[in-house]
There are 2 protein chains.
Amino acid sequence: MPNRRSDEQVIAEPNTVAALLRERGLRVTPQRRAIFAAFEGGRAGHPSADEVYRRARSQLPELSRGTVYNTLNEFVSAGLLTVVSIGRVQLYDANTADHHHFRCRSCNRLYDVHPIGANKISLTDDFFMVEQTTVLLDGFCGECASPSAA
Amino acid sequence: MPNRRSDEQVIAEPNTVAALLRERGLRVTPQRRAIFAAFEGGRAGHPSADEVYRRARSQLPELSRGTVYNTLNEFVSAGLLTVVSIGRVQLYDANTADHHHFRCRSCNRLYDVHPIGANKISLTDDFFMVEQTTVLLDGFCGECASPSAA
DNA sequence: CTCCGTGCAAAGATTTTGCAGGAAC
DNA sequence: GTTCCTGCAAAATCTTTGCACGGAG
């Protein structure tokens, strides 16, 4: 994000969430802060809704599951998070930059795979033995001519 | 890697199903034939388990949902089908050849996208407006270094 | 003050599992 | 005759929804 409005204080962490939410007309609440906080720190990973629930709850015990689901959906709509569907579970990813994922069939962990250049990805940072590649594109098909970029 | 470039010869006669099943030590039953038949014909598409259930049931009314789920899972394990996770729904695909998918955000339809050459795909057959690309690799990570046979 | 967001719990949707009888081999 | 498959139904998962209260703006 190169262009940042610096007319005011640039307070770092907790404030950013609030700013992001307000920017999209969403209210700022302790619950939302706790939920967003579940993605911070190095070990954020790709938590499921339930994992987010557990993490956020350790910080805000009254938090309810429903709120977590609602909030995650709103964060996704707002572009703060993305979703990765793995089997029948949805995993949430706070890394909204362009990247892909590698899933280990053995330990089930989900790794980020970063693009290098236009259509290449780097698999050399770690040692990955790729057995299957799944590509899912989405957008608008011919019959549903898109409104957004015509 | 993929050599079967010819046609839709992948799906075939009732007899082939039996052969395929037997080949993997699976028993051949009317239920399994009906379930497999749900993928035959031009409009096979990418049915959900429930859609398979509906289709197969029209041909074998006593069929139960549980059997459909069990069977689909076995077919996937046996390599006869593959799964595409879209949100919290799993769609089954009888096309086991190397290919990808395009999902329309408007009509929700799932189209096949065929690879042309090593790392290219063709989007020109129809008119697709791609808004997002999701790539999911899977296999074994460094820590789980694992030979395919064990 | 006015709404939106939350908690709670129940409903929904999808998939899995346990068990006894029956079919496939 | 064994063994695996099936039907049925209940359970397990994961997610959404309805409603009244309380906090954010």
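Each reported figure results from applying straightforward, stated rules to the coordinates on display, with no laboratory input. Bear in mind that the values here come from a model prediction, so they are computed numbers and not experimental data. Cβ atoms come from the backbone with ideal geometry, glycine included; neighbour counts cover every protein chain shown.
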Here the correct list, in nm and shortest first, of distances from residue A:77 to the same site in the other copies, label points 7 Å along Cα→Cβ, is 4.1
Exposure proxy check on A:67, B:96: fewest-to-most Cβ neighbours within 10 Å is B:96, A:67
Sorting from shortest, the nanometre distances separating the label point of residue A:133 (7 Å past Cα along the line to Cβ) from those of the same residue in the other copies are 1.0
Copies of residue B:29 compared via label points 7 Å along Cα→Cβ give distances in nm, shortest first, of 4.9
On the formula 1/(1 + (r/R0)^6), with r taken between the Cβ atoms of residue A:105 and residue A:77 and R0 of 41 Å, the FRET efficiency rounded to 0.05 is 0.85
Quick note, segment A:60-107: a/c under 1.5 would make it rounded; otherwise a/b > b/c is prolate and the rest oblate (a ≥ b ≥ c, C-alpha gyration tensor); here it is oblate
Final fewest-first order of A:89, B:17 on the 10 Å Cβ neighbour count is A:89, B:17
To the nearest 0.05, the calculated FRET efficiency linking residue B:122 and residue A:143 through their beta-carbon distance, R0 being 22 Å, is 0.75
Applying the gyration tensor rule to the Cα atoms of segment A:45-150 (axes a ≥ b ≥ c; rounded if a/c under 1.5, else prolate if a/b exceeds b/c, else oblate), the class is oblate
Footprinting proxy, A:141, A:107: sorted fewest to most Cβ within 10 Å, the residues are A:107, A:141
Under the 7 Å Cα-to-Cβ spin-label approximation, residue B:19 and residue A:51 lie apart by a distance in nanometres of 4.5
